[in-house]
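What follows is a single structure, written as structure tokens, with notes after it.
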Amino acid sequence: WCNYRISCRQRRKFLLIMSHKGLIVGEIFSSFGRAIFRGTACVISLVFRIVSQKDRVRVIVYRDDGKILLVRSRFSRQEWALPGGGVNRNESYEQAAVREVLEEIGLKIHNLRYLGKANSHESYSKFSVRVFAAHASNYDIKCNFEIMEARWLNRDYLPKEYYALYANKRQWATLLYV
């Protein structure tokens, strides 16, 4: 029902304003509260939409045992999504990928590799994302306000739109062990 995206900066401004008015954002997001928040975010995105944005980034963060990190975001309609977000001005896609993982889940990543481009279905309208894979330096997750939950899960939980980028199991194995 909403064809516009809201940038991370716009969401942060909105949440900062809302938290100053006495709302405890992390505790009041019932299903009704999330629906109201998403509707409000859609309206705000209409107000702040000025120029088209670059592709967004998503990162498949993996660990040694092959499990990947998936998140439940306040702004996604998917049950599980990849961490990631928008690209700032004068920032490369690689820099954005590293920054977003650190901001959203507090993990430092290394061995970042570009997998390809995909169309994300996590919003109410499709948008283009650059997908990367990276190894987690540690496994201590610290979620920020955008993320409701983060878990290390099997690859079977990965959203369908990203699966085609590394469907060949040999390619996935080279990411894990190179």
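Wrap a convex hull around the Cα atoms of the stretch 53-135, take a quarter of its surface area, and give that in square nanometres.
That works out to 5.4 nm².
Return one whole number: the accessible area per residue of the stretch 83-164 in Å², for a 1.4 Å probe.
Ligands and nucleic acids excluded, the figure is 51 Å² per residue.
Any number yet on Rg/Rh for the stretch 81-121, C-alpha, Kirkwood?
0.94
The values are calculated or read from the model by the stated rules, or taken from the named source; none is laboratory data. As the structure is a computational prediction, the values presented were derived from the model and not from experiment. Side chains are part of the model used for accessible areas, which takes the heavy atoms of the whole protein and leaves out ligands, DNA and RNA. Shrake-Rupley method; radii C 1.70, N 1.55, O 1.52, S 1.80 Å.
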